[in-house]
Amino acid sequence: MTPDEAVGRTLSYILDGVSSNFFEGARILVTGGAGFIGSWLSEALVYLNAHIICLDNFSTGKIDNIKHLIWRKNFKLVKADVSKAKINEKIDVIIHGASIPSPDDYVRRPVEAMLPNSLGTLNVLEAARRYDSVVLYLSTSEVYGDAEIVPTPETYWGKVNPIGPRSPYDESKRFSEALCMAYESQYGLDVRIARIFNTYGPRIDPEAKYARVIPRFIMQALSNEPITVHGDGKQTRSFLYISDAIVALLKMVEVKKARGEVINIGNPEEISIIELARIIKKLTNSSSPIVHIPPRPDDPRRRCPDISKAKRLLQWWPKVSLEEGLKYTITWFKEVIKSGKR
């Protein structure tokens with residue numbers, strides 16, 4: 001399998017999972033549209049014949065993720081910061097995904113990390129109010145913190161340290177959720193909130209560190225470097241392949257019953273980090289040793305979604321197995337290393 005085949009199959013999974021007619025002709029703004037999730041949303045919507053405005057300041061997004069779309073008549077790239085961007089044209093749907101999602105990044109630049117999910121969200125919501133747009137806000141499982149209920153339902157309020165090292169991301173996401181619901185309550189705005197759990201696949205940043213554990217493990221394994229596991233490795237996560245994530249997000253835009261709802265988007269199959277390291281080592285045929293390094297502060301011990309609501313409202317559940325998704329991702333990463341784009 002080639003990297004192009006891995007990407008092509010991923011796109012096919014997405015297009016097979018959503019309605020093409022619903023999005024045809026719709027004007028859709030995707031903030032963070034050159035990022036990992038944003039670029040897949042942008043590409044899928046281009047193929048679904050929507051008119052896409054991809055807004056990104058490239059603080060974490062990459063031009064390589066969307067450069068093949070720039071020549072398309074129904075795709076427009078706007079380089080701007082969502083916190084300051086002037087949104088002065090009619091938009092049917094705004095998908096707000098701009099953020100700095102890696103703890104290594106938001107610990108290093110915490111103020112900058114909070115702005116897309118505070119001032120940026122305010123800017124998006126005001127634009128949506130002007131143009132009567134639907135808003136899909138891409139939130140995160142991080143709002144649950146170190147959850148005491150696992151699998152975690154949307155009704156769980158979360159256990160988050162509001163001033164800890166992870167707080168610039170966690171708390172700004174929680175603020176954005178509250179602001180979205182305030183606009184829904186006060187102005188009748190059509191908002192939908194997706195709480196996305198760990199997602200992986202081609203185009204995920206190979207330089208992202210913690211919270212993007214899969215790319216780190218793959219890069220280490222392919223380079224035959226030590227695979228570094230924080231703590232004892234018994235902490236668990238649930239990993240969702242990118243095609244399944246994009247189908248769920250597009251369904252959240254399409255399904256009327258999703259209006260005003262908060263919905264978990266994730267894979268309910270839980271796996272320990274040490275077991276993940278072993279699987280990636282096996283799939284890459286790597287000689288890397290697995291080594292343990294100090295645990296991260298405020299690192300949740302378990303993370304697994306209850307997706308009953310997504311099944312009920314969206315008729316959605318994950319279809320790509322972890323091993324299949326990892327094979328596609330590893331194939332793509334081999335090309336990244338070969339081309340020197342890391």
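The values are calculated or read from the model by the stated rules, or taken from the named source; none is laboratory data. This structure is a prediction, so every number in the text was calculated from the model and none was measured. Reconstructed Cβ throughout: ideal geometry from the backbone, glycine too, with neighbour counts over all protein chains shown.
Structure values in brief
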{"read-out": "Matching residues, region 309-342, being in a loop (DSSP other than H, G, I, E, B), surrounded by 12 or more Cβ atoms within 10 Å (Cβ to Cβ) and polar (S, T, N, Q)", "value": "Ser321"}
{"read-out": "Residue within region 279-297 that is closer than 18 Å to Pro318 by Cα and modelled with pLDDT of 95 or more present", "value": "no"}
{"read-out": "Qualifying residue in region 131-140 (condition: charged (D, E, K, R), at positive phi, out of contact with any helix residue (DSSP H, G or I) (no Cβ under 6 Å at 6 or more places or on another chain) and modelled with pLDDT of 95 or more)", "value": "yes"}
{"read-out": "Answer from Ile271, Ile218 - the residue that is at pLDDT 95 or above, buried (at least 24 other Cβ atoms within 10 Å of the Cβ) and closer than 26 Å to Tyr13 by Cα", "value": "Ile218"}
{"read-out": "Region 18-49 - residue that is in contact with an Asp or Glu (Cβ under 8 Å, 6 or more places away or on another chain) and surrounded by fewer than 24 Cβ atoms within 10 Å (Cβ to Cβ) and, of those, modelled with the lowest pLDDT", "value": "Ser19"}
{"read-out": "Flag if Ala85 is surrounded by fewer than 22 Cβ atoms within 10 Å (Cβ to Cβ) and assigned to a loop (DSSP other than H, G, I, E, B)", "value": "yes"}
{"read-out": "Selection count, region 292-308, where residues are in contact with a Gly (Cβ under 6 Å, 6 or more places away or on another chain) and either outside any loop (DSSP other than H, G, I, E, B) or among the acidic types (Asp, Glu) (or both)", "value": "2"}
{"read-out": "Residue match in region 196-212 (condition: under 20 Å from Ala258 (Cβ atoms), β-branched (Val, Ile, Thr) and either in contact with an Asp or Glu (Cβ under 9 Å, 6 or more places away or on another chain) or buried (at least 17 other Cβ atoms within 10 Å of the Cβ) (or both))", "value": "yes"}
{"read-out": "Identity of the residue in region 223-237, of a type outside the set (D, E, K, R) and more than 24 Å from the chain's Cα centre (by Cα), that ends up nearest to Glu270 (Cα to Cα)", "value": "Gly231"}
{"read-out": "Test set (1) part of a helix (DSSP H, G or I); (2) more than 15 Å from Ile94 (Cα to Cα); (3) touching a residue at least 40 places away in the same chain (Cβ under 8 Å) - Ser59 fails condition number", "value": "(1)"}
{"read-out": "Of the criteria (1) surrounded by fewer than 20 Cβ atoms within 10 Å (Cβ to Cβ); (2) outside any helix (DSSP H, G or I), which one Lys257 fails", "value": "(2)"}
{"read-out": "Residue tally, condition over 21 Å from the mean Cα position of the chain (by Cα) and among the acidic types (Asp, Glu), over region 248-297", "value": "1"}
{"read-out": "Selection from region 61-75 of residues that are farther than 16 Å from Gly201 by Cβ and either polar (S, T, N, Q) or buried (at least 24 other Cβ atoms within 10 Å of the Cβ) (or both)", "value": "Asn74"}
{"read-out": "Contacts under 8 angstrom Cβ, first residue in region 21-32 being touching a residue at least 24 places away in the same chain (Cβ under 8 Å), partner polar (S, T, N, Q), 6 or more apart", "value": "Phe23/Asn49; Glu24/Asn49; Gly25/Asn49; Leu29/Ser133; Val30/Ser42; Gly32/Thr60; Gly32/Ser99"}
{"read-out": "Candidates Lys256, Lys282 - the one that is closer than 20 Å to Leu138 by Cβ, of a type outside the set (Ser, Thr, Tyr) and free of Cβ contacts under 8 Å to residues at least 60 places away in the same chain", "value": "Lys256"}
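For (1) more than 18 Å from the chain's Cα centre (by Cα); (2) of a type in the set (Ser, Thr, Tyr); (3) surrounded by 24 or more Cβ atoms within 10 Å (Cβ to Cβ), each residue gets a yes or a no:
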| site | (1), (2), (3) |
| --- | --- |
| Asp104 | no, no, no |
| Ala147 | yes, no, no |
| Tyr156 | yes, yes, no |
| Gly164 | yes, no, no |
| Tyr169 | no, yes, yes |
| Leu179 | yes, no, no |
| Tyr187 | yes, yes, no |
| Ala194 | no, no, yes |
